Every structure is written in structure tokens, then in C-alpha cells.
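Novice: One structure, as C-alpha cells, below. Some questions next.
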């Protein structure tokens, strides 16, 4: 039994109720893990008191402790607050009047890290693992987020139309992006590899893949269908943390993150590169090539063009397009 749940609730199931509500709202497993973790820390921070006994003062005290004692970022502090507010609004009903009065930390406005075209070339060339290199080429070539690329299913790669359907991207929205010509053959070969592996899994009585939104109940045969398999499956099987079912998941995103860090170091790139840097670079390089910002917005899946506008601040214009008065001085 979860000791925090037992202490914080008369019905020793507070964190279980939180998990149930998160799943009812179809939030991701990562959101579930983060929210449960923050609520647990909040309860422990206040001596395992029940959240019903606490309010705005305790919430702000916890957030202040995170900022002062642990020096967390504004984004981390905001995530902790989101978890606590979710608990009060969704689990401990009815909502309390002070919930909208809690002040969120202001996130600093930061420009994205962008690699120059030659830096992208050097980074991709420095990736030793061919499968990992293909993942990174796909992220840069399409502008997909890391998990959008890793969650790509065979059925969503349309070789005839030369496009990729990104399912349930940020904000649970679908969108279409291009399939780069240079990736047509490598992706065909990858899909053929996945087919051979899937056939081998089926022969061993395996071959199931996780499906979202209870589709496995509606279409019982779909989890074993080749079309639903991940384009970038993991090397081994793993246990689903929610259902306990053993399946073949997609590549762990941490492997890709480590591959980028190693490749950047090997290529002598001194910028803090990550897989998401390739998405930033994709957008910036398209704008530098003269593509309309609305087109780039659609490819990235941004709800508002103002989000895409941040890339106009890192183009090869602006400060670098203005001649410094120092350079105009005639040496004495």
C-alpha cells in the first residue's frame, strides 16, 4: 500500500483516485507519473497532512520551497502547480474558490537553440547507429517532435502521397507533414525490417502493440496488425506499467537524446543540442529558404502563428543583417 495515500486519505486511496482521474481524462503515462510524483511531494512536504486540510497558503509555501531550496526552473514549478491544481479540481471536488488565485511562476522568454545547416550535417554524420541516424534525419526532415517520430505507425507513412500523418500531436491534434524524398528508400527499408521482426514476434505468440483510446477493445485484431506497428520499435519487449501486458514498445526517447549529445560532442558542436533542436532548425531553415510562415506553422502543428513567429528572431537577419558602427570606423 502507498504510505502517502494511507496517511493522506481516510480511504487510503488518494493517489489511486488521482491515477484513475488522470486515465479518465486520457492524459499520458508521463503526465500521470509526473502528477502523482508532485502530489506525493506536496503531501510529504506538509507532514503528510490531507490536502483537504490545506489551501492556498500551503500550496504557495510548497512552490516557494521548490524555488528557494531546490532552485527549480519556472517550468518545473509550473508543472508542480498544475499537478496540485488537478488534484483539487478533479479529485477533491467541489473546486475551492482560491484555486484561481494561486500565482504561476513567469517563464523567461528564451530563443530556441538552432543549428546552422552545416552543423546539422555534421551532427547527423556523427551518429554511429544507422537506426538512430534515421530517426534524427526524420525529425529534422519533417519537423516532428521526438515522441511524434517515435510513435509513428506503419499505416501513417504514405509513400504514394509522400506525406506523413502525425497522429495526436501536442494538444491531441492530427496534422500532415512532408515525407522527404531522401528518406523514401531508407524508410521503406525500415518498414521491411519491422515487418520481418513483427512476423517473428507473431510466430512466438507475441506481436501485440499498444493502441490508444481503447481501440484494442473496438478492433480486437488491430494490436497484432502490421499496419499498427511502430516504425521504430524497441529491440526488446517491455511490460506496460498500467496494464502489465508484455509488448514491443517504440525506441526509448532517452536513447535518442543520448545519441544527439554524443554526436554533437563528436562533431565539435558547442551548442546545447537535443532532438528538439532539430525541430527548431527545421522551422528556421524553411523560413530562411523563403517559405511562408503560415506553411511552417501548419507543418509544425502550432495552434497560433505567434508561436511560430519566435523563429523569425533567429534567422540569418536581425542583428546579423545590420552592420555595426564599429566596423564602419576608419582606423586612425
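Novice: Based on what the data block shows, is residue 177 in contact with a strand residue (DSSP E or B) (Cβ under 7 Å, 6 or more places away or on another chain) and loosely packed, with under 12 Cβ neighbours inside 10 Å? Explain how you work it out, then say what you get.
Specialist: Working: in contact with a strand residue (DSSP E or B) (Cβ under 7 Å, 6 or more places away or on another chain): yes; loosely packed, with under 12 Cβ neighbours inside 10 Å: no.
For residue 177, the condition - in contact with a strand residue (DSSP E or B) (Cβ under 7 Å, 6 or more places away or on another chain) and loosely packed, with under 12 Cβ neighbours inside 10 Å - is not met.
Novice: Here is a further query. Taking into account only those residues within the stretch 69-99 that are under 16 Å from residue 17 (Cβ atoms) and out of contact with any helix residue (DSSP H, G or I) (no Cβ under 7 Å at 6 or more places or on another chain), which is modelled with the lowest pLDDT? Explain how you work it out, then say what you get.
Specialist: Step one: list which residues in the stretch 69-99 are under 16 Å from residue 17 (Cβ atoms), which gives 83-95.
Those still in the list that are out of contact with any helix residue (DSSP H, G or I) (no Cβ under 7 Å at 6 or more places or on another chain) too: 93-94.
Values: 93: 70, 94: 65.
Looking at the filtered set, the residue picked out is 94.
Novice: If you don't mind, there's one more thing I want to ask. Among the residues of the stretch 273-291, are any surrounded by 14 or more Cβ atoms within 10 Å (Cβ to Cβ), over 17 Å from residue 115 (Cα atoms) and either in contact with a helix residue (DSSP H, G or I) (Cβ under 8 Å, 6 or more places away or on another chain) or modelled with pLDDT of 85 or more (or both)?
Specialist: no
Novice: Any residue in the stretch 62-82 that is in the same structural domain as residue 36 (by TED's automatic domain parsing) sitting within a Cβ distance under 8 Å of a residue that is at pLDDT 85 or above and assigned to a loop (DSSP other than H, G, I, E, B)? List the pairs, counting only those 6 or more apart or interchain.
Specialist: So the pair list comes out as 62/46.
Novice: Mind listing whichever residues of the stretch 32-60 are farther than 20 Å from residue 22 by Cβ and surrounded by fewer than 14 Cβ atoms within 10 Å (Cβ to Cβ)? Lay out the reasoning, then the answer.
Specialist: To start, the set of residues in the stretch 32-60 that are farther than 20 Å from residue 22 by Cβ comprises 45-49, 53-58, 60.
Of everything in the stretch 32-60, those that are farther than 20 Å from residue 22 by Cβ and surrounded by fewer than 14 Cβ atoms within 10 Å (Cβ to Cβ) turn out to be 47, 48, 53, 57.
Novice: Taking residue 129 and the conditions (1) touching a helix residue (DSSP H, G or I) at 6+ places or on another chain (Cβ under 9 Å); (2) farther than 23 Å from residue 267 by Cα; (3) surrounded by fewer than 16 Cβ atoms within 10 Å (Cβ to Cβ); (4) touching a residue at least 12 places away in the same chain (Cβ under 8 Å), which numbered condition does it fall short on, given that it satisfies the others?
Specialist: (2)
Novice: Pull out all pairs, ordered by first then second residue, where Cβ-Cβ is under 6 Å, the residues are six or more apart or on different chains, the first lies in the stretch 1-29 and is in a loop (DSSP other than H, G, I, E, B), and the second is modelled with pLDDT of 90 or more and surrounded by 13 or more Cβ atoms within 10 Å (Cβ to Cβ).
Specialist: These pairs meet every condition: 2/15.
The values are calculated or read from the model by the stated rules, or taken from the named source; none is laboratory data. It should be emphasised that the depicted structure is a prediction, and the values quoted were computed from it without experimental measurement. With ideal geometry, Cβ positions are generated from the backbone for all residues, glycine too; neighbour counts draw on all protein chains shown.
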